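To start, the structure itself, in C-alpha coordinates.
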Amino acid sequence: MEFMESVRAALKEMIIPELDRIKEENGQIKAILEVTNKRLDDVNLHLTDQSRRIDETNNRIDMVREELTKRIDMVREEVGSEIKETNKRLDRLYEVIVRRDEHSKIEERVAALERDVNELKRRIAA
(Lines give C-alpha, C1' and ligand atoms only; values in the text may rest on other atoms or scores of the structure.)
Protein backbone atom coordinates (compact mmCIF):
# COMPACT_ATOMS: atom_id res chain seq x y z
CA MET A 1 0.00 0.00 0.00
CA GLU A 2 2.83 2.29 0.63
CA PHE A 3 3.79 1.87 -2.98
CA MET A 4 0.36 2.96 -4.07
CA GLU A 5 0.57 5.95 -1.79
CA SER A 6 3.91 6.97 -3.22
CA VAL A 7 2.62 6.54 -6.82
CA ARG A 8 -0.41 8.55 -5.87
CA ALA A 9 1.69 11.27 -4.31
CA ALA A 10 3.98 11.39 -7.35
CA LEU A 11 1.03 11.62 -9.71
CA LYS A 12 -0.48 14.41 -7.58
CA GLU A 13 2.80 16.32 -7.74
CA MET A 14 2.91 16.03 -11.50
CA ILE A 15 -0.74 16.29 -12.42
CA ILE A 16 -2.15 18.81 -9.91
CA PRO A 17 0.19 21.71 -10.96
CA GLU A 18 -0.54 20.92 -14.60
CA LEU A 19 -4.31 20.89 -13.89
CA ASP A 20 -3.99 24.22 -12.05
CA ARG A 21 -2.13 25.69 -15.04
CA ILE A 22 -4.81 24.33 -17.41
CA LYS A 23 -7.58 25.82 -15.19
CA GLU A 24 -5.80 29.19 -15.21
CA GLU A 25 -5.39 29.14 -19.00
CA ASN A 26 -9.05 28.07 -19.34
CA GLY A 27 -10.06 31.09 -17.25
CA GLN A 28 -7.97 33.37 -19.45
CA ILE A 29 -9.52 31.87 -22.58
CA LYS A 30 -13.02 32.41 -21.14
CA ALA A 31 -12.20 36.05 -20.37
CA ILE A 32 -10.84 36.59 -23.89
CA LEU A 33 -13.90 34.85 -25.33
CA GLU A 34 -16.23 37.12 -23.33
CA VAL A 35 -14.38 40.23 -24.57
CA THR A 36 -14.47 38.88 -28.14
CA ASN A 37 -18.19 38.12 -27.90
CA LYS A 38 -18.84 41.61 -26.53
CA ARG A 39 -16.86 43.09 -29.42
CA LEU A 40 -18.83 40.95 -31.92
CA ASP A 41 -22.09 42.14 -30.34
CA ASP A 42 -20.94 45.76 -30.73
CA VAL A 43 -19.97 45.13 -34.36
CA ASN A 44 -23.35 43.48 -35.02
CA LEU A 45 -25.17 46.46 -33.51
CA HIS A 46 -23.08 48.81 -35.63
CA LEU A 47 -23.78 46.78 -38.79
CA THR A 48 -27.49 46.70 -37.99
CA ASP A 49 -27.48 50.49 -37.57
CA GLN A 50 -25.57 50.93 -40.83
CA SER A 51 -27.99 48.62 -42.63
CA ARG A 52 -30.93 50.66 -41.31
CA ARG A 53 -29.28 53.89 -42.48
CA ILE A 54 -28.62 52.39 -45.91
CA ASP A 55 -32.28 51.35 -46.16
CA GLU A 56 -33.39 54.87 -45.22
CA THR A 57 -31.02 56.37 -47.78
CA ASN A 58 -32.28 53.98 -50.46
CA ASN A 59 -35.87 54.96 -49.65
CA ARG A 60 -35.00 58.65 -49.95
CA ILE A 61 -33.23 57.98 -53.26
CA ASP A 62 -36.32 56.15 -54.54
CA MET A 63 -38.56 59.06 -53.50
CA VAL A 64 -36.29 61.60 -55.21
CA ARG A 65 -36.15 59.41 -58.33
CA GLU A 66 -39.96 59.25 -58.46
CA GLU A 67 -40.24 63.01 -57.98
CA LEU A 68 -37.64 63.70 -60.68
CA THR A 69 -39.36 61.30 -63.07
CA LYS A 70 -42.66 63.13 -62.55
CA ARG A 71 -40.97 66.50 -63.10
CA ILE A 72 -39.19 65.27 -66.22
CA ASP A 73 -42.48 63.93 -67.60
CA MET A 74 -44.15 67.27 -66.87
CA VAL A 75 -41.36 69.23 -68.56
CA ARG A 76 -41.39 66.80 -71.50
CA GLU A 77 -45.13 67.41 -71.96
CA GLU A 78 -44.67 71.18 -71.71
CA VAL A 79 -41.79 71.17 -74.17
CA GLY A 80 -43.73 68.91 -76.53
CA SER A 81 -46.67 71.30 -76.38
CA GLU A 82 -44.39 74.28 -77.02
CA ILE A 83 -42.77 72.48 -79.96
CA LYS A 84 -46.21 71.78 -81.47
CA GLU A 85 -47.17 75.41 -81.03
CA THR A 86 -43.89 76.56 -82.60
CA ASN A 87 -44.42 74.19 -85.53
CA LYS A 88 -47.89 75.66 -86.07
CA ARG A 89 -46.44 79.15 -86.06
CA LEU A 90 -43.71 78.11 -88.50
CA ASP A 91 -46.35 76.58 -90.79
CA ARG A 92 -48.30 79.83 -90.68
CA LEU A 93 -45.12 81.83 -91.36
CA TYR A 94 -44.38 79.59 -94.34
CA GLU A 95 -47.87 80.24 -95.69
CA VAL A 96 -47.35 83.99 -95.32
CA ILE A 97 -43.97 83.84 -97.04
CA VAL A 98 -45.39 81.79 -99.93
CA ARG A 99 -48.24 84.29 -100.34
CA ARG A 100 -45.77 87.15 -100.42
CA ASP A 101 -43.74 85.36 -103.04
CA GLU A 102 -46.89 84.72 -105.07
CA HIS A 103 -47.92 88.36 -104.58
CA SER A 104 -44.54 89.50 -105.88
CA LYS A 105 -44.93 87.30 -108.99
CA ILE A 106 -48.44 88.63 -109.60
CA GLU A 107 -47.14 92.20 -109.36
CA GLU A 108 -44.48 91.36 -111.93
CA ARG A 109 -47.12 89.87 -114.27
CA VAL A 110 -49.43 92.86 -113.82
CA ALA A 111 -46.54 95.24 -114.58
CA ALA A 112 -45.70 93.22 -117.71
CA LEU A 113 -49.37 93.29 -118.80
CA GLU A 114 -49.51 97.06 -118.24
CA ARG A 115 -46.43 97.50 -120.41
CA ASP A 116 -48.03 95.34 -123.12
CA VAL A 117 -51.30 97.30 -122.92
CA ASN A 118 -49.44 100.61 -123.10
CA GLU A 119 -47.51 99.42 -126.11
CA LEU A 120 -50.70 98.23 -127.78
CA LYS A 121 -52.29 101.62 -127.09
CA ARG A 122 -49.32 103.34 -128.67
CA ARG A 123 -49.52 101.14 -131.74
CA ILE A 124 -53.22 101.75 -132.10
CA ALA A 125 -52.73 105.47 -131.67
CA ALA A 126 -49.98 105.53 -134.21
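Considering the convex hull of the alpha carbon atoms of the chain, report its projected area averaged over all viewing directions, in nm², one decimal.
It is 17.8 nm².
Mind pulling the angle between the C-alpha long axis of helix 2-125 and the longest principal axis of the chain? Nearest 10 degrees, somewhere in 0 to 90.
With rounding to tens, the tilt is 0 degrees.
Give the carbon-plus-sulfur fraction of the accessible surface of the range 1-97 in %, rounded to a whole number; probe 1.4 Å, heavy atoms of protein chains only. If you can, show how the numbers build up before the last one.
Working: 5630 of 9370 Å².
Carbon with sulfur: 60 percent of the solvent-accessible area.
What does the convex hull of the Cα atoms come to per residue for the range 34-97, in Å³? Display every interim value, and only then the final one.
Values: hull volume 3.2 nm³, N = 64.
Hull volume normalised by residue count: 50 Å³.
Per residue, how many Å² of accessible area does the chain show with a 1.4 Å probe? Walk me through the numbers before you get to the answer.
Values: 12370 Å² over 126 residues.
Each residue of the chain exposes 98 Å² on average to a 1.4 Å probe.
If eta is 1.567 mPa s and T is 4 °C, what Stokes-Einstein diffusion coefficient results for the range 3-63, Kirkwood Rh from Cα pairs, in µm²/s?
D = 81 µm²/s.
Is it possible to state the helix-based mean residue ellipticity at 222 nm for the chain, with each DSSP H run of 4+ residues giving -39500 (n - 2.57), the sum divided by total residues, to the nearest 500 deg cm²/dmol? What is it? Write out the running numbers ahead of the final one.
Details: 1 runs with 124 residues, N = 126.
The per-residue figure over the chain is -38000 deg cm²/dmol.
The values are calculated or read from the model by the stated rules, or taken from the named source; none is laboratory data. Nothing here was measured: the structure is a model prediction, and the numbers come from that model. Heads up: the accessible areas ignore ligands, DNA and RNA and are worked out on the full protein's heavy atoms, side chains in. Shrake-Rupley method; radii C 1.70, N 1.55, O 1.52, S 1.80 Å.
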